[in-house]
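**Student:** Please find one structure pasted underneath; my questions will follow.
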Amino acid sequence: MVDLAEASIARVIDYETTGIPEDDHAEVIEFGRIDVDLDTLDIRNPWSKLAKPSQAIPPVTMAVHHITDDDVESAPGSSQVWPEFWSDLGRGDIVVAHNAKFEQHFHDGDGRAWICTYKGARVVWPDAPSHGNQALRYWLGIDKTHPDFEREKASPSHRALPDAYVTAHILVDLLKVKSVEELVNISKFPALLRDLTFGKHRGVKYKDAPADYLMWIRDKSDLDEDVKFTAKYWLKRRQNADVET
């Protein structure tokens, strides 16, 4: 079991890939990482590297990150990149990503604890207009409130190191509100959503939705784990409130 008290570094990571986890043979073609010192909250040690996939990069994913087959032609395979990617990271240190289940699909971090800044942001800032990392950057005003923030290092978006750089600054703001232990615990559960985005109650906050509708989501729907988890959470909150009164 990982002892979080031993953690001194949070390694913030991001991948660009040939596809999504549900695709057959999706591979990492760009690795990005940057470290946050958990004692000082300093951000340091940026690193990135391209990797050559075993198959051609699909045009639909090129359109997202603009990494082409020519860009990776002379790059090493991903199996050669992993050791360097995890170098200088202790067994007790933390791995961080925005929507971490994506990165976890490709590598489990060698058993290290994870923080998902997307899930943390959902809990800490539920009223943010969006919980994407670039949207949070501007909503939180990171460009102005973080003296060390350099805009050119956050561009272009949808590249591994710039996205990790933005996520690292979001992590710093989260750590001003929640401890490492709290964020790791939050990250173990599905995301807690705010608004219903489907059906006859679209636009209604989960906390205000009819109980029978939340029970249908929880017990009978085939919706994703975040939606079902949120319905279950608010039903439990209401049950506890009824007991207290």
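The values are calculated or read from the model by the stated rules, or taken from the named source; none is laboratory data. All of these numbers come straight from a predicted model, not from anything done at the bench. Please note: Cβ atoms are built from the backbone with ideal geometry, for glycine as well, and neighbour counts cover all protein chains shown. The area values use the complete protein model at the heavy-atom level, side chains included, leaving out ligands, DNA and RNA. Shrake-Rupley method; radii C 1.70, N 1.55, O 1.52, S 1.80 Å.
**Student:** Answer with yes or no whether Glu6 is within 20 Å of the chain's Cα centre (by Cα) and not small (Gly, Ala, Ser). Reasoning before the result, please.
**Tutor:** Values: within 20 Å of the chain's Cα centre (by Cα): no; not small (Gly, Ala, Ser): yes.
Criteria not met by Glu6.
**Student:** I've got another one for you. When you scan the stretch 107-133, how many residues do you find that are of a type outside the set (A, V, I, L, M), within 14 Å of the chain's Cα centre (by Cα) and open to solvent by 40 Å² or more (accessible area, probe 1.4 Å)?
**Tutor:** Residues that pass the stated criteria total 4.
**Student:** Return the total of residues in the stretch 146-171 being farther than 22 Å from Val64 by Cβ and free of Cβ contacts under 8 Å to residues at least 12 places away in the same chain.
**Tutor:** Count: 2.
**Student:** Here's another thing I want to ask about it. Quick one: which residue in Leu196, Leu183, Leu175, Leu214 is among the hydrophobic types (A, V, I, L, M, F, W, C) and open to solvent by 20 Å² or more (accessible area, probe 1.4 Å)? Full working, then the answer.
**Tutor:** Numbers: Leu196 fails: open to solvent by 20 Å² or more (accessible area, probe 1.4 Å); Leu183 fails: open to solvent by 20 Å² or more (accessible area, probe 1.4 Å); Leu214 fails: open to solvent by 20 Å² or more (accessible area, probe 1.4 Å).
It is Leu175.
**Student:** Are there helices (runs of 4 or more DSSP H) fully within the stretch 29-100 with at least 2 residues that are over 16 Å from His158 (Cβ atoms) and open to solvent by 20 Å² or more (accessible area, probe 1.4 Å)? List them.
**Tutor:** Working: elements: 59-65, 69-72, 78-85.
Hits in the stretch 29-100: 69-72, 78-85.
**Student:** How many residues does the stretch 226-241 hold that are farther than 19 Å from Ile186 by Cα and in contact (Cβ under 8 Å) with a residue 12 or more places away in the chain? Working first, answer last.
**Tutor:** Pass one, the stretch 226-241, residues farther than 19 Å from Ile186 by Cα: 238-241.
Keeping just the survivors that are in contact (Cβ under 8 Å) with a residue 12 or more places away in the chain gives 238.
Residues in the stretch 226-241 being farther than 19 Å from Ile186 by Cα and in contact (Cβ under 8 Å) with a residue 12 or more places away in the chain: 1 in total.
**Student:** Let me ask something else. Which of the residues that make up the stretch 27-65 are out of contact with any Asp or Glu (no Cβ under 7 Å at 6 or more places or on another chain), in contact (Cβ under 8 Å) with a residue 60 or more places away in the chain and aliphatic (A, V, I, L, M)?
**Tutor:** Those that are out of contact with any Asp or Glu (no Cβ under 7 Å at 6 or more places or on another chain), in contact (Cβ under 8 Å) with a residue 60 or more places away in the chain and aliphatic (A, V, I, L, M): Val28, Ile34, Val36, Leu38, Leu41, Val64.
**Student:** Ok, one more. May I ask you to list the residues in the stretch 43-89 that are touching a Phe, Trp or Tyr at 6+ places or on another chain (Cβ under 7 Å) and either among the polar types (S, T, N, Q) or closer than 22 Å to Glu22 by Cα (or both)?
**Tutor:** Across the stretch 43-89, the qualifying residues are Ser48, Ala51.
**Student:** Among the residues of the stretch 45-59, are any of a type outside the set (Val, Ile, Thr) and in contact with a Ser or Thr (Cβ under 6 Å, 6 or more places away or on another chain)? Talk me through it step by step, then tell me what you get.
**Tutor:** Initial filter on the stretch 45-59 (of a type outside the set (Val, Ile, Thr)): 45-56, 58-59.
The next check asks that each one be in contact with a Ser or Thr (Cβ under 6 Å, 6 or more places away or on another chain); those that pass are 51, 53.
Yes, the stretch 45-59 contains at least one residue that is of a type outside the set (Val, Ile, Thr) and in contact with a Ser or Thr (Cβ under 6 Å, 6 or more places away or on another chain).
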